[in-house]
Amino acid sequence: MDMLGYTLKRMAISVLTLLLVAAITFFLMNAIPGSPFMTEKSTPQQIALANAKYGLDKPLIVQFGNYLKNLAKGDMGVSLKMQEGTSVSKILFGQGKFVLSMKIGLLALLVAVIIGIPVGVLQAYYRGRWIDNILRVITTMGIAMPGFVVATLCLFEFGVTLGWLPVQSNSLETFGAYVMPVLTLALNPMCRIAKLTRTSMLDSISQDYIRTANAKGLKTRVVLFKHALRNSLIPVITYLGPLTAGIITGALVVEQIYHIPGLGNYFVSSILNRDYPVIMGTTLLLAALIVIMNLVVDIAYKIVDPRINITKKGD
Amino acid sequence: MTGKKAFQVFHTDTDQILDLNQYAGEDFSQAAEDEKASMVQMHKSVSYWQDAWRRFRSNPVSVGALIVFILILIFSFIGPMFIDYSYEEQYRSSQKLGPMEYSPTEQMVITLLENEADAVYATSLNAGSLSAIRKGDWFIRQGSQTYAFHVDKTIEKATLVVDSDSDPAVYYGKDKDWDEETKSYKEVTPIETTSEPAEGAQELKLSKRVFPHVFGTDSQGRDLLARCMYGARVSIIIGVAAALIVLIIGALYGSISGFAGGKVDFVMMRIVDLIYSIPDVLIVLLLQVVLKAPLQAWFDAGKDPVSRALSTLGVGIVSIFITFALLYWVGMARIIRGQVLQLKEQEFVMAAGVLGASPGRIIKRHLLPNCVGQLIIQTCLQIPSAIFLESFLSYLGLGVSAPMASLGSLCSDAKETFLLFPYRLLFPAILLSLIVLTLNLVGDGLRDALDPRLKS
Amino acid sequence: MNNEAMNQTSEKKMTAAERAAMIKNNKILLDVDGLKVTFFTHAGQVKAVDGISYQIHEHEVMGIVGESGSGKSVEAYSIMGLLQKPGRIVGGKVTFDGEDLLAYSDSEKREFRGNKASMIFQNPMTCLNPVYTIGDQLMEALRCHNKEISKAEARKKAIEMLELVGINNADKRIDQYPHEFSGGMRQRAMIAMALICSPKLLIADEPTTALDVTIQAQILELMKDLQRQTGMAIIFITHNLGVVAEICDFVTVMYAGHVMEQGTVDDIFYNPAHPYTRGLLRSMPNLDDEKGKRLIPIEGTPVDLLDPPKGCAFGPRCEHCMKVCLTKQPPMVTVGDDHKSACWLHIKEMKELSSGEVTK
């Protein structure tokens, strides 16, 4: 098993995926009839002029080629509508949007993992007892409640009724401002991780090697945490890829509700405003995050589970 | 007796001293075959489905969830028959009411009905006003009587009262003449009626009661209970339809890929891998925007029956279906392929192949029936996730659009005024969470019941 | 008799009968008396083990033979305290070295497991934890019973054990993961793990069933050697009579949770008393058999333990089934020095003998 070779191959696939996402996004956006410059007042001449200015009059495939060429140079074009003339890379990275969203997203990811796994282990340990049942209802509820419901309820309860936490999290200057967005964002993935950990712990517990460990005379605690948990973590690790995607999705809603000027909020606006280059840039950026996470997960998988012969995976 | 006999010592264990005489000679005669057979009591064999059902029943959480979900189904599909409001009608003068609140007009109507009136028609509750074109072009039915009438002037912001005890039996009072203290009109105008309505006359639906706005109303005066029932119905239908789309595409793709194996399987699975690695929500958002215009154009043209049928669903819902058909079947396809690969190795499938059954027949007769447990579980879990996605899109303003409502769009409508009218968000949100929660719990219960690997 | 004496005598190549006779005089190590294990399932109570008794002497190798579902593994798990829900011991007594095993507390049971008695299982592919190295798992077994031992010492001991079970390059192999071992190697590692605390009793639950035939022979040879070297007692659970003949001193034949016959290897193979044992032997191929001789299977299928027959469990499949077999369970009859069998045929014979004497 050649780790380096595998990593390189996986990276090539990741780049291919990103290219595919870029192509899909590009052609989908251009499938929208009408020009983004079409307003009620604009004349056909004005539209043609604007189209020519941004190269929108050329054939699609040429436009896509140009876009990729510029992308390689780090140029993602300029915003057409929302901040007309500002370069997309500046909007994404220069205005603190990306950093802000990353901060919240990473914190949520940490919270989800740090709380989710122990909760799942606890449930498996006490399976069938009251603590397991209570936690199971809570985690299932956490999965069932849509993010926007949780976010608005928290906002109402802690922000308005109790007044403990700030309602608007615009700049996220204080610690308190982080609490609600991060927790609401983390809730769903946290409950999913807990549930996954519980299931896979229970699965591990029924394995033959657990019987061996018991036959050795090990303490229940050792059997559970040393022998069962490490095996149970494998499916949890594979979930980290979808988890990242989930957190990004959640961010679209959560940022809107808490009025956080982050990437998610801006992305939704750009879609509603049909600001092509911004949509393109943001989609690619978010897709890149997910793809990178998947890459990391696949490699981490290999480290945790020595059995995986990675070159044969997927068959 | 066969075998060499070399036993010299015969004695039973000390605690089992036997009195040999208690056994008669016939005890040691050969037993008949049917006697031997009767020793083996065949206990009732339990079929897979009976066993699954028993296991499902023994899980109180899942059973409870199933009951709650059935109640929600009754609420959203049968409930509308029992309330007087429709989801799209805007009741004037009844805007922004809280749960169980009545507007002044409704209060007035209630008082009228309590006092003397048999039935009323309040123009300010219903849409529009009464105006006349010809003599006798309105009629009302009250008991066995039919009253036909016409009014010269438009009756606006007034209430038509039918009271068989008074003379004339039909009159109207203007809202501005209502006296809150005496609970009566200062002045009423009688309406002349005949018993025969003219041809083409319109019937007025009288109200004999004022149905409470259990969940209140929105800012357009639409009844929230009716909208919640309707929204839940739309959400559930979307969820089920999307899950069925995923089921059909995923199961077909997965079973073909698994069954074909080899190069075909390899290529098909690489396609799945690629779709799997695409960040779905980003693409879904784009698709929602992109599909809107062409779909609308197609629907507006309305040339073929398909487009006409789909246009009743609306652009938002159809594009949700399309995105599901494009992106969400891959998970199902992977699971079914895995199952098929596992089954394919089993003897009964090989036997069918050896006997010359065609691949199509093997898939249909042997593979799919054995995957059915997985199919049910996955479909059941797909429904809440489809409802979830729909509500997410609708919340962002991309899914279902007014006057149609889904639970997501109801939440979205309520978000701006949330701080003033929290219940408008609360009711649909609770309903949405309940649906997703119960379906997830039922799905989990089904998985425990149907998956033989988890048999305890 | 002490270990050395045993070794010396074994060097003299005793016959099986001599060995059995010597072992019989050893101290009793494990005494199972009327053990009953029931599984409380939704469908009803399954009496997996319905009152079995046997004794294991020190240095003894006993085979427990039976078809699948005869309760032979369940009985072993009960002794080790590894019985899982919904199984429960509902009766009987298990005494090990004079101590009542069933009265042990949880921590005493843990101390017993792996230390005084250990167990190896059928499938070596799944019985080792895939995410830890072989060395980790070996050292863990040692260190959980002996807290004083240092890591370095434990490692040394682990390497010794691996060498003992015939793994080459043990000092390198110790850091490998189970998936880097072949099936036979893994079973060797399992044996090393089971023996690392020098237990007095090893329970081997079909240790060769999942292995290739050539590997099976190697593992059997290894276990035989190790038994001679360490002097531990072994309970060898198998459905393979050939394996029993190879390694065991005594044999217990089980069917549907009952003991059918007990005796020395010679008794069981050359002098089987019970129709079931005879049926088993007839269904087993033998190299010495003349060409063209047919194997005779036992007709029918094992009984359903949810609804066992009222009389003899083997009755429905027995060619000699008599009227009494239908309603009454047969008593255990001593038919030779160490040879017992539970069958009404013996009673019939006793009756005939006694009445014969009377008529004489």
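We did not get these values from a lab; they are worked out from the coordinates using the rules stated. Computed from a predicted structure; not experimentally measured. Here the Cβ is made from the backbone with ideal geometry for all residues, glycine too, and neighbour counts use every protein chain on show.
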Per-bin percent of Cα-Cα distances, segment B:329-434 [5 Å]:
2, 11, 15, 14, 10, 8, 7, 7, 8, 7, 5, 3, 2, 1, 0
Report the convex hull volume per residue for chain C, counting only C-alpha atoms, in Å³.
177 Å³
Taking chain C and a Cβ-Cβ threshold of 4.7 Å, the cysteines left without a partner are C:C127, C:C144, C:C197, C:C248, C:C343
Can you compute the FRET efficiency between B:A37 and C:K109 using 1/(1 + (r/R0)^6), with r the Cβ-Cβ distance and R0 = 41 Å? Round to the nearest 0.05.
0.40
Applied in sequence order to segment B:412-424, the curve 6.51 cos²θ - 1.76 cosθ + 1.60 (Karplus, θ = phi - 60°) yields integer Hz couplings, x standing for Gly and Pro, of 5, 4, 7, 5, 5, 9, 4, 5, 7, 10, x, 5, 5
Quick one: of the DSSP bridges fully inside the protein assembly as shown, what percent are antiparallel, nearest 5?
75 percent
What ranking do B:W53, B:W178 get, fewest neighbouring Cβ atoms within 10 angstrom at the top?
B:W53, B:W178
Taking the Cα atoms of chain B, report the difference between the largest and smallest coordinate on each principal axis, in whole Å and largest first.
124, 68, 48
Phi-derived 3J(HN,Hα) across segment B:309-315 with the Karplus relation (6.51, -1.76, 1.60, θ = phi - 60°), rounded Hz, x for Gly and Pro, is 5, 5, 5, 5, 6, x, 4
Treat each spin label as a single point 7 Å out from the Cα along the C-beta direction, and report the A:K103 to C:E99 distance in nm.
6.1 nm
Taking a straight Cα-to-Cα line shorter than 17 Å from B:K157, and setting aside same-chain aspartates and glutamates fewer than 8 residues away, one finds B:E106, B:D175, B:D177, B:D179, B:E180, B:E187
Once the Cβ-Cβ distance between A:L49 and A:D203 is put in as r, and R0 is 56 Å, what FRET efficiency do you end up with, to the nearest 0.05?
0.30
Which entries in the list C:K328/C:K348; A:K219/C:K156; A:K216/C:K116 go over 20 Å, if you measure between the two C-alpha atoms of each?
A:K219/C:K156
Quick one: check the C-alpha center-to-center distance for segment B:388-421 versus segment A:174-234, whole angstrom.
36 Å
Vicinal HN-Hα couplings computed from phi for segment A:58-65 (Karplus, 6.51 cos²θ - 1.76 cosθ + 1.60; Hz; Gly/Pro x)
6, x, 3, 5, 5, 4, 5, x
Span from the segment A:250-268 Cα centroid across to the segment B:273-338 one, whole angstrom
24 Å
Quick one: A:I234, C:I28, C:I347, fewest Cβ neighbours within 10 Å first, how do they rank?
C:I28, A:I234, C:I347
Which residues' amide hydrogens lie under 5 Å from the amide hydrogen of C:I203, considering only partners 5 or more residues apart or on another chain, with H built in the peptide plane?
C:S118, C:M119, C:I120, C:I235
Assigned charges on the beta-carbon of Lys, Arg, Asp, Glu; segment B:270-356 dipole about Cα centre (debye)
120 debye
Taking amide H positions as placed in the peptide plane 1.01 Å from N, state which residues far from B:V400 in sequence (5 or more) or on other chains have amide H under 5 Å from it.
B:S394
Just need the Rg to Rh number for segment A:59-113, please, alpha carbons only, Kirkwood Rh.
1.17
I need A:T161, B:T379 ordered by Cβ neighbour count within 10 Å, fewest first.
A:T161, B:T379
Cβ-based net charge around B:L396, under 12 Å, with every Lys or Arg adding one and every Asp or Glu removing one
-1
Which angle from 0 to 90°, rounded to the nearest 10, does the C-alpha axis of helix A:3-31 make with the longest principal axis of chain A?
40 degrees
For chain C, what does the helix formula give at 222 nm: sum of -39500 (n - 2.57) over DSSP H segments with n ≥ 4, over the residue count, nearest 500 deg cm²/dmol?
-11000 deg cm²/dmol
Inter-probe distance in nm under a simple model that places probes 7 Å from Cα toward Cβ, at B:Q202 and C:Q229
10.3 nm
B:Y102 paired with B:R270, simple spin-label distance in nm, labels 7 Å along Cα-to-beta-carbon:
7.2 nm
Relative to the compact-globule estimate 2.2 N^0.38 Å (N residues), the Cα gyration radius of segment A:63-193 stands at a ratio of 1.44
Summarise the long-distance tail of P(r) for chain A by giving the % of C-alpha pairs beyond 35 Å.
36 percent
Dimensionless Rg/Rh of the protein assembly as shown - Kirkwood Rh, Rg from C-alpha atoms
1.10
Can you work out the FRET efficiency for the pair B:Q95 and A:A300, with r the C-beta to C-beta distance and R0 = 56 Å, to the nearest 0.05?
0.50
Find how many whole Å separate the alpha carbon centroid of segment C:198-233 from the alpha carbon centroid of segment C:304-318.
33 Å
Sorted by chain and number, the residues with a modelled amide H under 5 Å from that of B:G216, at a separation of 5 or more or across chains, are B:M100, B:E101, B:L224, B:L225
Volume of the Cα convex hull of segment A:98-261, divided per residue and given in Å³:
116 Å³
Before rounding to the nearest 500, sum -39500 (n - 2.57) across all DSSP H runs of length at least 4 in chain B and divide by the residue total; then give [θ] at 222 nm in deg cm²/dmol.
-17000 deg cm²/dmol
